[in-house]
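Peer 1: I'd like to ask some things about the structure below.
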Amino acid sequence: MLPEHLDADVRTLWEYHDLRHEPRRSDVGIGLGSRDPGVAVHTAELFHAGRFPLVVFTGANAPTTVERFPRGEAVHYREIALELGVPDDVILVEPAARNTGDNIAFTRRLLAERGIRTVTLVTRPYQQRRAYATAKRLWPGVDVVCASKAATFEDHVTGEEDVERVVSMLVGETQRITEYAARGFAIPQPVPAGVERAFGRLAAAGFTQRLLPAAEDHAM
């Protein structure tokens with residue numbers, strides 16, 4: 001259970017990472033692998049809504065996903081999309097990526113001959129800002145928008161998601177915005193003072209499981 005005095009800080013970080021991009025039609029929708037099957041579901045919904053004619057699911061496994069998706073995130077996402085009526089011939093699978101940088105770089109390589117100019121990245125709500133910043137660094141020639149299933153923090157953690165895990169993810173994502181820009185993995189993004197303060201209070205409260213080790217040297 002989240003302490004009540006930290007509610008506002010969690011909402012500050014949640015809203016910071018949701019870019020609220022205006023929806024528009026793109027050449028391809030790219031579902032970034034994670035432990036959240038809702039990414040695949042929302043990618044299928046956007047395809048059926050006419051947002052893009054081509055789908056890529058990208059992702060191998062991480063320690064947090066191997067039990068849920070033993071054959072790989074992208075493979076399972078494809079199966080979910082097929083069950084939801086997305087035609088097999090419009091789905092491409094990139095099964096090797098193990099971090100967000102790989103997701104973007106490997107998908108760019110997969111689509112190199114397709115003349116892609118516009119991309120919709122479909123992610124977990126709290127991954128939008130980092131995914132966008134990573135794509136703008138690693139695939140600068142395309143126009144990028146992000147999309148997630150609209151949800152409040154409370155909606156997102158209802159059901160299978162653990163509150164403490166998600167708050168730790170929010171804290172880790174916030175740290176990565178500045179750290180990955182400094183390391184050249186992503187473009188710089190503004191971090192308002194209120195976000196910095198909320199990050200500091202949540203980290204001090206012990207939500208540190210997803211903070212970067214000092215020696216980490218690759219994008220996650």
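The values are calculated or read from the model by the stated rules, or taken from the named source; none is laboratory data. Predicted model only: the values in this text are computed from it and were never measured. For neighbour counting, all protein chains shown are included, and Cβ atoms are generated from backbone atoms with ideal geometry for every residue, glycine included. Each accessible area value is taken on the protein alone, full model and side chains, heavy atoms only, with ligands, DNA and RNA left out. Shrake-Rupley method; radii C 1.70, N 1.55, O 1.52, S 1.80 Å.
Peer 1: Quick check on region 77-128: of everything there that is open to solvent by 20 Å² or more (accessible area, probe 1.4 Å) and in contact with a strand residue (DSSP E or B) (Cβ under 7 Å, 6 or more places away or on another chain), which residue is farthest from residue 139 (Cα to Cα)?
Peer 2: 78
Peer 1: Moving on. Could you tell me whether residue 166 is outside any loop (DSSP other than H, G, I, E, B), in contact with a helix residue (DSSP H, G or I) (Cβ under 8 Å, 6 or more places away or on another chain), modelled with pLDDT under 95 and more than 25 Å from residue 119 (Cα to Cα)?
Peer 2: yes
Peer 1: Residue 174 fails exactly one of the following numbered conditions: (1) surrounded by fewer than 21 Cβ atoms within 10 Å (Cβ to Cβ); (2) over 18 Å from residue 36 (Cβ atoms). What is the number of that condition?
Peer 2: Against the list (1) surrounded by fewer than 21 Cβ atoms within 10 Å (Cβ to Cβ); (2) over 18 Å from residue 36 (Cβ atoms), residue 174 comes up short only on (1).
Peer 1: With the condition kept exactly as written, say whether any residue in region 175-190 is part of a strand (DSSP E or B) and polar (S, T, N, Q).
Peer 2: Looking for residues that are part of a strand (DSSP E or B) and polar (S, T, N, Q), one finds none in region 175-190, hence no.
Conditions (1) under 13 Å from residue 122 (Cα atoms); (2) within 13 Å of the chain's Cα centre (by Cα); (3) open to solvent by 60 Å² or more (accessible area, probe 1.4 Å), marked per residue:
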residue	(1), (2), (3)
12	no, no, no
17	no, yes, no
20	yes, no, yes
23	yes, no, yes
27	no, no, no
32	yes, yes, no
37	yes, yes, no
44	yes, no, no
49	no, no, yes
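Peer 1: Listed residues 113, 160; which is at pLDDT 95 or above and acidic (Asp, Glu)?
Peer 2: The unique qualifying residue is 113.
Peer 1: Output the residue which, of all residues in region 65-110 that are of a type in the set (D, E, K, R) and in contact with a Ser or Thr (Cβ under 9 Å, 6 or more places away or on another chain), is nearest to residue 36 (Cα to Cα).
Peer 2: If we take residues in region 65-110 being of a type in the set (D, E, K, R) and in contact with a Ser or Thr (Cβ under 9 Å, 6 or more places away or on another chain), then 73 is nearest to residue 36 (Cα to Cα).
Peer 1: Taking residue 85 as meeting all but one of (1) assigned to a helix (DSSP H, G or I); (2) in contact (Cβ under 8 Å) with a residue 40 or more places away in the chain; (3) more than 19 Å from residue 187 (Cα to Cα), write down the number of the exception.
Peer 2: (1)
Peer 1: Any residue in region 35-46 that's within 15 Å of residue 156 (Cα to Cα): show its pairings with residues that are open to solvent by less than 10 Å² (accessible area, probe 1.4 Å) and charged (D, E, K, R) at Cβ separation under 6 Å, as long as the two are six or more apart or on different chains.
Peer 2: none
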